[in-house]
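Trainee: Here it is: the structure, laid out below.
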Amino acid sequence: MQAEPIRADASERADNDTADFPDDLRDHLSFDLEECAHTLGELVDDYGADRERAATILRLRLGIAGERPETLTRIGARFDFSRDRARQLHTKAVGELLRHTVRSGRLPVPEYARRYPVGTRDSVLTRALLAETYATDGDIAVNDLAYLKLRLAGHDSTDAKRVAGYVTQRIVGWRKKTNHLLSRLRENGPPAGPPAPWPHRIDWPAGAGSPAALPTTAARAFDLDDDGRGRFYLHKPGRDIGFDSGLEARLMRLLDTDDRIRTFQEYPEAIGYRVDGEEHLHFPTLVAELADSRRVLIDVQPLGHIGFHVNRTKARAAREWAHENGWGWLLWTGSAVGEPELAGHSVPVAVHDRLTELLADGPVRRDALQRLRADGLEPLDLLALTVRHEWRWERAPFRLSALEQPQRDVPAPVKV
């Protein structure tokens, strides 16, 4: 299946403030985006063979493994240097990666050239990149991601900078008017965009006693002033609250207008988790207190990303921590499809049997996935099967494995 190029008629849509926001992220599931991510992962791995730190900075900043891109402040803290130094090193690494790609004869990269063709109108490219940013929760690194995608597609530096600048300007404009744009109420209807996450998806702990109290401060504090973040005033907390992405802002605004919610606290805890023996910290999006005094930990993960191994590991750690505190747990996907719906999603028997048979012989790689796509495998099918069977889906480069037992070596929460 070839990637669908950006359609020229995209710019002819009505010019309204929310046109670039998918109403449901299910509509944005795409193997084509994963093809691009797979190739980028290969390019970074090749480049990083003798530039390990630079490659790590690229992976963190661009969210190559499927996680949300890191703030420059957090990247700097990881390597013990300033945010400005992190920006300098990332910019340098992007330039070196592009030169490495040219030397290897891979520029333009076919997957990107098909998706962002040279000669496409700026307005069309801008709309497509904005929609991808929202659907993949990538606002923190929007300029970096947009520029690199276009350069890999074969656009020259001047054109890529110009279009990336347009995308960034639109994101900044949305942030300045977030109360209006990200949470506009439709006439006689609910807020525009993905549906509210209530109530049937909440996973409540069994036999829990009194829930732990709502925290009064954010556990994540050291990068809340990072220049990639947005900020808006919300009535229930009664103060300005920062957010990393439009999708995160959408959730907060939905909760702020929901009568079932009394209040909420963003980033209530630093939760430890381990991937391949390496320890990390995760800050779930918020904990909400319901009108009946129950509490639920809610984390934003865009639908297309919840199957990746690193994100499944984060979700398990956060769920366990929430239940230990007597709180419910909810993964908000920006879609009417959540974990409960994935459990009941019907996958064609032939596709299920073929994929299971392949996994019994070892990890499934990109070429096998492409054959399965030709046989009818859809993105939602792969996502549902991965979550249902607790398979290990590694992104960039793609690798799918069947584990005998899911990894549960999660350290205790860590205070920072």
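Trainee: Multiply the residue gap between Arg99 and Asp367 by 0.36 nm, knock off their C-alpha separation, and tell me the result in nm, one decimal place.
Mentor: Using 0.36 nm per residue and subtracting the Cα-Cα distance, I get 93.8 nm.
Trainee: Can you send over the carbon and sulfur percentage of the accessible area for the chain, probe radius 1.4 Å, protein chains only?
Mentor: Result for the chain: 48 percent of the exposed heavy-atom area is carbon or sulfur.
Trainee: Ignoring everything except DSSP H segments at least 4 long, calculate the 222 nm mean residue ellipticity for the chain; use -39,500 (n - 2.57) per segment, divide by total residues, nearest 500.
Mentor: Calculated at 222 nm, the ellipticity per residue is -13000 deg cm²/dmol.
Trainee: Hey, what did the chain get for relative contact order, percent, Cα under 8 Å, at least 6 apart?
Mentor: Taking the mean separation of contacting Cα pairs over the length of the chain, I get 19 percent.
Trainee: Given Cα pairs under 8 Å that are at least 6 residues apart, what percent is the relative contact order of the stretch 247-348?
Mentor: 23
Trainee: Now a separate question. Roll a 1.4 Å probe over the protein heavy atoms and report the accessible area of Arg175 in Å², nearest 10.
Mentor: 40
Trainee: What is the packing order of peptides 23-36, 66-79, taking the mean over residues of other C-beta atoms within 10 Å and listing the highest first?
Mentor: Packing proxy ranking, top to bottom: 66-79, 23-36.
Trainee: Explain nothing, just compute: Karplus ³J(HN,Hα) = 6.51 cos²θ - 1.76 cosθ + 1.60, θ = phi - 60°, for every residue of the stretch 347-361 in order, whole Hz, x for Gly and Pro.
Mentor: Result, ordered by residue: 9, x, 4, 5, 5, 4, 5, 5, 5, 4, 5, 5, 5, 5, 8 Hz.
Trainee: Okay, moving on. FRET efficiency for Glu42 and Ser210, Cβ-Cβ distance as r, R0 = 51 Å, nearest 0.05?
Mentor: Rounded to the nearest 0.05, the efficiency is 0.50.
Trainee: Right, another one. Can you give the FRET efficiency to the nearest 0.05 for Phe81 and Ala49, using r as the Cβ-Cβ distance and R₀ = 25 Å?
Mentor: Rounded to the nearest 0.05, the efficiency is 0.60.
Trainee: So, one more: Just for the Cα atoms in the stretch 224-325, what are the lengths along the principal axes, largest first, rounded to whole Å?
Mentor: Result, largest extent first: 42, 35, 24 Å.
Trainee: Moving to a separate point now. Among the DSSP beta bridges whose two residues both lie in the chain, what percent are antiparallel, rounded to the nearest 5?
Mentor: Numbers: 25 of 31 bridges.
Given both bridge residues lie in the chain, the antiparallel proportion sits at roughly 80 percent.
Trainee: Using only the alpha-carbon atoms of the chain as identical scatterers, what base-10 log of I(q)/I(0) does the Debye formula give at q = 0.12 Å⁻¹?
Mentor: Debye intensities relative to I(0), on a log10 scale: -1.03.
Trainee: Still on this structure, I have one more. Rolling a 1.4 angstrom probe over the protein heavy atoms, how many square angstrom per residue are accessible across the chain?
Mentor: Here the per-residue accessible area is 43 Å².
Trainee: Same structure, new question: Check Trp329: other-chain or 5+ apart residues with amide H under 5 Å from its amide H, H built from backbone geometry?
Mentor: Distant-sequence amide H within range of Trp329: Asp203, Trp204, Leu297.
Trainee: May I ask you to evaluate 6.51 cos²θ - 1.76 cosθ + 1.60, the Karplus curve with θ = phi - 60°, for each residue of the stretch 383-388 and list the ³J(HN,Hα) values in order in whole Hz, giving x for glycine and proline?
Mentor: Calculated HN-Hα couplings, in order: 5, 4, 5, 5, 5, 5 Hz.
Trainee: When all alpha-carbon pairs of the stretch 86-169 are counted, what percent fall beyond 22 Å?
Mentor: Value for the stretch 86-169: 21 percent of Cα pairs lie more than 22 Å apart.
Trainee: Quick check on the stretch 43-125: what are the equivalent-ellipsoid semi-axes from the Cα gyration tensor, as sqrt(5λ), descending, whole Å?
Mentor: Result for the stretch 43-125: semi-axes of 25, 17, 11 Å.
The values are calculated or read from the model by the stated rules, or taken from the named source; none is laboratory data. Please read all numbers here as calculations on a predicted model, not as lab measurements. Don't worry about glycine lacking a Cβ; one is built from the backbone with ideal geometry, like all the others, and counts go over all protein chains shown. Just so you know, the surface numbers come from the protein's heavy atoms only, side chains and all, with ligands and any DNA or RNA stripped out. Shrake-Rupley method; radii C 1.70, N 1.55, O 1.52, S 1.80 Å.
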